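Student: Quick one: structure below, then a few questions.
Where a number appears in this text, it was derived from the coordinates with a stated rule and is not lab data. Everything quoted here is computed from the prediction, not taken from an experiment. Here Cβ is always computed from backbone atoms with ideal geometry, including for glycine, and neighbour counts include all displayed protein chains.
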Amino acid sequence: MITDPFFYAVAIPAVFLVGLSKGGLGGAMAVIAVPLIALAIPPVQAAAIMLPILIVMDMVSLWAWRHHSDRRTLVIMLPGAVIGIAIGWMTAALVTETLIKLIVGLVALGFSLQYFWKKYREHRAQEKIVPHGHRPLWGAFWGAISGFTSFVSHAGGPPYQLYTLPLGQDPKTYTGASVRYFAIVNAIKVVPYFLLGEFDATNLKTAAVLAPIAPLATLTGALIVRRMKPTVFYPVMYTMVLLTSFKLIYDGLAG
């Protein structure tokens, strides 16, 4: 088990932020976690420690959002996610994490700026943005990207949001589907992470020490989302994506 006090000084806030994200507050805070913990330990080790904690959070989230979901979203995106995870596993020694962060960050930046530009035009023209329906091929593509980036650095949130946010779902439906999607994705990631030798005794014991923070933070995030109206929820979510894009681009350029 890791005993360095500095590690816990950065890991405890990181785990709490991820818990808020898992509760329904979007992917920006989750993306921050691994880089924050990586201030104290290598990034790959940070990702390995976070995965069991993410699974604990997934279990709490599944209970909190058990009455809400969108089966269509899962059917469209999960097959692509499985392919993305497999590609991430097979290319683990070839693909750099920083390059992936830069690409995803640039895409997320363009996506969020497009939303705010549409909102500006909506305000000027007094017209509402009309959500579009499911597009299976588009959803499968972003599912694959999400699975790949999730495997590489637990950063599957932005690609998932690129497909799902424009659907304009009720916040509870959106969050319930997101919770189920990432619970399945994280469960699938266990096997390739184990085959890569990342689950040693040190990492697992450290994850067990941090795990009790997960339920409290996750339930707090769920409580906040349940009280948010769609007119508040979506601007907040797109702002999270925008902040995420800045962080990913910064990490990619710095690397």
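Student: As I understand it, the dipole of segment 5-254 uses +1 on the Cβ of Lys and Arg and -1 on the Cβ of Asp and Glu, about the Cα centre. Which of 77, 169, 244 lies farthest toward its positive end?
Tutor: Among 77, 169, 244, the one farthest towards the positive end of the dipole of segment 5-254 is 169.
Student: Which value results for Rg/Rh of the chain when Rg is the Cα radius of gyration and Rh the Kirkwood radius based on the inverse mean 1/r? Show your work: numbers first, answer last.
Tutor: Working: Rg = 17.4 Å, Rh = 18.2 Å.
That ratio is 0.96, to two decimals.
Student: Rank 164, 202, 231 by mean-square fluctuation in a GNM of the chain with C-alpha springs under 10 angstrom and give only the top-ranked residue.
Tutor: 231
Student: Give me the dipole magnitude in Debye, nearest 20, for the chain about the Cα centre, with unit charges on the beta carbon: positive for Lys and Arg, negative for Asp and Glu. Don't skip to the answer; put the middle values down first.
Tutor: Working: 19 positive and 10 negative charges, 197 e Å.
Rounded to the nearest 20 debye, it is 940 debye.
Student: Listing 253, 248 from the residue with the fewest other Cβ atoms within 10 Å to the one with the most, what is the order?
Tutor: On the way: 253 11, 248 28.
Fewest to most other Cβ atoms nearby, the residues stand as 253, 248.
Student: Of 52, 136, 201, which is farthest towards the positive pole of the chain's charge dipole, taken about the Cα centre with +1 and -1 on the beta-carbons of Lys, Arg and Asp, Glu respectively?
Tutor: Sorting the options by dipole projection puts first 136.
Student: Then there's this: Per the helix-only calculation at 222 nm, which mean residue ellipticity applies to the chain, given -39500 (n - 2.57) for every DSSP H run of n ≥ 4 and division by its residues, nearest 500 deg cm²/dmol? Show your work: numbers first, answer last.
Tutor: Numbers: 11 runs with 197 residues, N = 255.
The per-residue figure over the chain is -26000 deg cm²/dmol.
Student: State the volume of the convex hull built on the alpha-carbon positions of segment 153-218, expressed per residue in Å³ and rounded to an integer.
Tutor: Values: hull volume 6.6 nm³, N = 66.
Cα convex hull per residue, to the nearest whole number: 101 Å³.
Student: Please arrange 247, 205 by counting, for each residue, the other beta carbons lying within 10 Å of its beta carbon, fewest first. Kindly include the intermediate steps, with their values, before the conclusion.
Tutor: Values: 247 18, 205 12.
Ordered from fewest to most neighbouring Cβ atoms within 10 Å, 247, 205 come out as 205, 247.
Student: To continue, here is another question. Among the complete DSSP H segments of the chain, which ones combine at least 27 Å of alpha-carbon extent along their axis with a mean Kyte-Doolittle hydropathy of 1.0 or more?
Tutor: Working: long enough: 43-64 (30 Å, 1.75); 71-90 (29 Å, 1.40); 97-125 (42 Å, 0.19); 171-195 (37 Å, 0.60); 230-254 (36 Å, 1.03).
Within the chain the helices that satisfy the rule are 43-64, 71-90, 230-254.
Student: So for the chain, if I pair up every lysine 8 or more residues apart or on another chain, how many of those pairs have alpha-carbons under 23 Å apart?
Tutor: 17
Student: Would you mind calculating the relative contact order of the chain from Cα pairs under 8 angstrom and at least 6 residues apart, reporting the percent as a whole number? Provide the component values of the computation, followed by the final result.
Tutor: Details: 392 pairs, mean separation 106.0, N = 255.
Here the relative contact order equals 42 percent.
Student: To two decimal places, what compactness ratio does segment 199-249 give when its Cα radius of gyration is scaled by 2.2 N^0.38 Å?
Tutor: Here the answer is 1.63, to two decimals.
Student: Rounded to the nearest whole Å³, what is the per residue volume of the convex hull around the Cα atoms of segment 131-174?
Tutor: On the way: hull volume 2.7 nm³, N = 44.
Convex hull volume per residue, Cα atoms: 61 Å³.
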